[in-house]
Amino acid sequence: MGLRTFGIHAHFYQPPRENPLTGVMPIEESAAPYKNWNERIHAECYRPNAELGNFQQIGFNIGPTLFNWMAGYDPQTCARIVAQDRANLERHQAGNAIAQAYNHTILPLGSLQDKLTQVYWGIADFKHRFNRPPQGMWLPETAVDYETLEVLTRLGIQFAILAPWQASQADIDPGQPYQVELPAGRQITAFFYHSELSAQVSFDAQATVNADRFAQSILIPAFKNTPPGRDEPQYLLIASDGELYGHHQPLRQYFLAHLLNGASASLGLQPIYPAQWLKKHPARQRMAIQERTSWSCHHGVARWVGECPCTPGNGEWKFWLRYAFDRLAADLDHLYLDSTRPLFKDPWLLRNQYIHVLLGELSLETLFSEHAQRSLTTEESLRVSLLLEAQRERQRMFTSCGWFFEDFDRIEPRNNVAYAAQSVRLARQATGIDLAPQTARDLGRVLSQRVKLSAETVFQQAMRE
């Protein structure tokens with residue numbers, strides 16, 4: 001019998017809940033006895049899993065915006081998580097944490113420059129938190145196209161995790177990673193997670209009541225039997241939302257701990273993570289991908305564009321919200337480029353490296369001095385700084401959560417509209433050009449079916465505030 005291993009990958013992420021205008025987390029009565037859902041999920045999931053040492057036994061990513069909140073709220077838990085990745089790095093010369101594209105945007109729907117910014121910012125944030133470069137990256141909603149994978153490889157990422165239905169062929173071997181050949185001649189490794197195991201862990205609460213039973217009755221039978229003499233090492237990857245372990249399913253942090261530390265070992269199974277697997281077992285088979293696909297929508301990326309059977313009858317507001325933001329983004333980019341091209345060698349590189357200012361690693365003055373073609377006047381520096389902040393808000397307004405649910409009358413899409421208002425306000429301060437009238441007209445087509453709330457109303461209120 002060949003080597004049989006498995007891995008758990010946990011995707012830890014929450015939509016940003018801070019008030020976009022003040023940066024303050026609102027009181028959410030539904031999260032009682034906690035002040036808001038971030039604090040409640042933290043108490044039920046992030047902190048207990050860190051205390052149990054589960055972050056050392058799994059592969060994981062933490063959304064940069066979530067980790068930023070956690071660093072201020074509970075730095076001790078952040079330190080535990082980073083230390084558990086560091087222990088694997090020292091023991092196996094490969095850490096188990098991977099990066100995530102920064103604002104959880106659906107990358108195939110973005111421009112090449114937005115893909116570069118999101119991936120660059122995600123890598124920079126990861127290096128800031130974990131003090132090392134990432135080997136892998138979690139694509140938000142695992143949404144993928146070849147251009148996105150090209151960007152990953154250009155910036156040093158070696159592997160990504162995808163759903164099995166994102167492969168070009170249906171008969172993939174779930175026990176092996178695959179090499180994906182990219183149009184420019186590069187390659188990237190894709191780990192296609194095990195569909196049935198991941199679904200049972202994610203959606204069948206009874207399957208994860210008992211870790212010993214799960215390992216014996218569900219995990220072991222998932223390995224394929226091979227003829228004697230033809231045994232190949234097998235690696236089955238289970239992917240799920242990290243909040244499953246203690247929040248969505250109470251007490252499942254203990255299931256996870258026992259599965260990784262006791263139940264699997266008693267059956268001769270070894271839990272490892274993708275970067276560790278690749279050290280000894282690089283991908284040998286090739287596979288193409290299906291572009292513009294994702295793990296949470298079986299209709300490609302339709303859920304974030306318009307009408308989709310995942311949220312039937314609610315496609316119109318999603319279409320018009322995407323339309324309004326795409327138009328606004330194009331106008332913001334024109335204003336940004338018109339002001340920065342005469343001053344900077346590469347305005348897009350300037351935007352990418354702005355993350356180092358946001359992380360406190362670099363002063364704005366140093367960033368400008370490194371990229372400007374000449375010394376800037378005080379007025380020019382102020383204008384560019386405002387436009388960079390407008391670009392930051394422009395990135396935030398494409399956070400995927402704004403389109404995920406069934407109706408516009410939720411905090412996620414309303415926050416995205418508030419980010420858009422911030423970008424318009426900052427651009428107007430910088431250039432005197434007001435994009436608000438056109439944006440308001442475009443957002444007037446975005447309407448909640450439940451309460452008839454218009455995105456234009458949300459936008460105008462945010463502009464007044």
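Kindly establish whether PHE126 is within 25 Å of LEU219 (Cα to Cα), outside any loop (DSSP other than H, G, I, E, B) and within 17 Å of the chain's Cα centre (by Cα). Write out each step before concluding.
Numbers: within 25 Å of LEU219 (Cα to Cα): no; outside any loop (DSSP other than H, G, I, E, B): yes; within 17 Å of the chain's Cα centre (by Cα): yes.
Here the answer is no, as PHE126 does not meet what is asked.
If you go through the range 133-153 and pick out every residue that is in a helix (DSSP H, G or I) and either closer than 11 Å to ILE123 by Cβ or of a type outside the set (D, E, K, R) (or both), you end up with 8.
For the range 413-423, indicate whether the set of residues that are in a helix (DSSP H, G or I), in contact with a Phe, Trp or Tyr (Cβ under 6 Å, 6 or more places away or on another chain) and of a type in the set (Val, Ile, Thr) is non-empty. Yes, the range 413-423 contains at least one residue that is in a helix (DSSP H, G or I), in contact with a Phe, Trp or Tyr (Cβ under 6 Å, 6 or more places away or on another chain) and of a type in the set (Val, Ile, Thr). Looking only at residues of the range 332-361 that are surrounded by fewer than 18 Cβ atoms within 10 Å (Cβ to Cβ) and more than 26 Å from the chain's Cα centre (by Cα), we find that the one that is nearest to VAL151 (Cα to Cα) is ASP346. Of the residues making up the range 408-448, just one is surrounded by fewer than 16 Cβ atoms within 10 Å (Cβ to Cβ), more than 14 Å from TRP320 (Cα to Cα) and among the polar types (S, T, N, Q), namely GLN429. When you scan the range 362-376, do you find a residue that is free of Cβ contacts under 8 Å to residues at least 12 places away in the same chain, surrounded by 20 or more Cβ atoms within 10 Å (Cβ to Cβ) and not hydroxyl-bearing (Ser, Thr, Tyr), even just one? The answer is no, given that none of the residues of the range 362-376 is free of Cβ contacts under 8 Å to residues at least 12 places away in the same chain, surrounded by 20 or more Cβ atoms within 10 Å (Cβ to Cβ) and not hydroxyl-bearing (Ser, Thr, Tyr).
Conditions tested, residue by residue: (1) over 26 Å from ALA97 (Cβ atoms); (2) crowded, with 17+ Cβ neighbours inside 10 Å.
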residue: ARG252; (1), (2): no, yes
residue: PHE255; (1), (2): no, yes
residue: LEU259; (1), (2): no, yes
residue: GLY268; (1), (2): yes, no
residue: TRP277; (1), (2): no, yes
residue: THR311; (1), (2): yes, yes
residue: LEU321; (1), (2): yes, yes
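Scanning the range 211-248 for residues that are without any contact (Cβ under 8 Å) to a residue 24 or more places away in the chain and of a type in the set (S, T, N, Q) turns up SER217, ASN225. Just to be sure, is SER240 under 24 Å from the mean Cα position of the chain (by Cα), in the same structural domain as ALA87 (by TED's automatic domain parsing), of a type in the set (Ser, Thr, Tyr) and within 30 Å of ASN38 (Cα to Cα)? Spelling it out, SER240 is indeed under 24 Å from the mean Cα position of the chain (by Cα), in the same structural domain as ALA87 (by TED's automatic domain parsing), of a type in the set (Ser, Thr, Tyr) and within 30 Å of ASN38 (Cα to Cα). If a residue has to be within 19 Å of GLY156 (Cα to Cα), assigned to a helix (DSSP H, G or I) and either among the hydrophobic types (A, V, I, L, M, F, W, C) or not assigned by TED's automatic domain parsing to the domain that holds TYR273 (or both) to count, how many in the range 59-111 make the cut? Matching residues across the range 59-111 total 2. Restricting attention to the range 105-123, the residues being among the hydrophobic types (A, V, I, L, M, F, W, C) and in contact with a Pro (Cβ under 8 Å, 6 or more places away or on another chain) number 4. Tallying residues that are of a type in the set (Gly, Ala, Ser) and surrounded by fewer than 17 Cβ atoms within 10 Å (Cβ to Cβ) within the range 138-181 yields 3.
Output the residues belonging to the range 1-28 that are more than 21 Å from PHE404 (Cα to Cα) and at pLDDT 95 or above. Listed by number, the residues that qualify are THR5, PHE6, GLY7, ILE8, HIS9. Among the criteria (1) within 27 Å of PRO48 (Cβ to Cβ); (2) in a loop (DSSP other than H, G, I, E, B), the one GLU243 does not fulfil is (2). Pairing each residue of the range 347-360 that is modelled with pLDDT of 95 or more with any residue that is of a type in the set (S, T, N, Q) and assigned to a helix (DSSP H, G or I), provided the two are 6+ apart or on different chains, yields C-beta distances under 7 Å for PRO347/THR340; TRP348/GLN113; LEU350/THR340; ARG351/THR117; ARG351/GLN391; ASN352/THR117. In the condition set (1) out of contact with any strand residue (DSSP E or B) (no Cβ under 7 Å at 6 or more places or on another chain); (2) assigned to a loop (DSSP other than H, G, I, E, B); (3) surrounded by fewer than 21 Cβ atoms within 10 Å (Cβ to Cβ); (4) in contact (Cβ under 8 Å) with a residue 24 or more places away in the chain, GLY2 is compliant with all but (1).
The values are calculated or read from the model by the stated rules, or taken from the named source; none is laboratory data. Predicted model, so just to flag it, every value in this text is computed and none were measured. Please note: Cβ atoms are built from the backbone with ideal geometry, for glycine as well, and neighbour counts cover all protein chains shown.
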